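Everything below concerns the one structure shown next.
Since every read-out is calculated from the coordinates, none of them should be taken as a lab result. As the structure is a computational prediction, the values presented were derived from the model and not from experiment. Backbone-built Cβ (ideal geometry, glycine too); neighbour counts: all protein chains shown.
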Amino acid sequence: MTTPESQPPSPQPEPQVPAPKDRVYRSPAGIAGGVLLLALALWLGIDAVVAGEGRTPWTAAAALLFLVPLIAAYTVRPAVFAGDDRMRVRNPFRLIVLPWAQVESFRSAYSNEVFSEGGDKYQLWALPVSLRGRKKAARQESRRAAGGGRGRGGLLGGGGRGAAGAGSVDDGPVRAEADKVMDELRELWEARKDAEGSRGEVSVRWAWEVVVPVVVGVVGLVVLWVIG
């Protein structure tokens, strides 16, 4: 009597590792201001459409068609998505996809910008520069450096406050929030620009979902103004 040969165990499928999510950078202040402006525009516009007389409802409708997408484009829409292979820049009227290998440099002056290898410049609307924030960070850094200097003297003299002061100096300089984000983007670019998956071409797509209603609203306003 023969016994059936034991079958080798079937290989277990390897667990799929979820792809890492992109880091998303947006302007909370811009979003908050945009929501308030949108609420005000919709409130006034809808009231004019419902209760207006003559050409007022048509004018209000055309104005809403022009203003609502425009306000949303400059306040709520801007965002920067940073992944392992590329960064996506969602500006008011365009979506730019930049593989890390195509990024040449970042620049922070009066605005935050990224330059491609082809020499093109793209502004990062989601990361507005705050000169007030930079001045505040500089004042905090000056106070911390002064406290650290006193702390080192206290540490040499055996005081306890000196240890805390010296430790805070080693934490790095105080930076404004937008500058911190730019530092993170530079670090990610430096780490991933030579990776195999970071190669590719730059792509730029117009945000027709914003452009079309804005143009239609402008045309409607012009037509209503011409016909009086």
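Starting from the Kirkwood radius over alpha-carbon pairs of segment 188-228, derive D by Stokes-Einstein at 37 °C in a medium of 0.692 mPa s and give it in µm² s⁻¹. Walk me through the numbers on the way to the answer.
On the way: Rh = 14.1 Å.
Value of D from the Cα-based Kirkwood radius: 233 µm²/s.
Give me the mean projected area, in nm² to one decimal, of the convex hull enclosing the Cα positions of segment 56-133.
Numbers: hull surface 28.4 nm².
Result: 7.1 nm².
Reachable aspartates and glutamates from residue 21, Cα under 18 Å, same-chain residues fewer than 8 places away excluded?
Output for residue 21: 84, 85, 184, 187.
Can you give the extra length, in nm with one decimal, that the chain gains between residue 111 and residue 53 once fully stretched, where that is 0.36 nm per residue apart less the Cα-Cα distance?
16.4 nm
How about segment 31-102: which trypsin sites (Lys or Arg not before Pro) there are in a DSSP loop, with at most 14 other Cβ atoms within 10 Å of their Cβ?
Details: sites: 55, 86, 88, 90, 94; in loops: 55.
Listed in order of number, the matching sites are 55.
Please label the shape of segment 17-151 as rounded, prolate or oblate, based on the square roots a ≥ b ≥ c of the eigenvalues of the alpha-carbon gyration tensor (a/c under 1.5 means rounded; beyond that, a/b larger than b/c means prolate, else oblate).
Cα axes put segment 17-151 in the oblate bin.
With θ taken as phi - 60° and the coefficients 6.51, -1.76 and 1.60, list the Karplus ³J(HN,Hα) couplings across segment 25-31 in order, rounded to whole Hz; mark glycine and proline as x.
These are the phi-based 3J(HN,Hα) values: 10, 9, 9, x, 5, x, 5 Hz.
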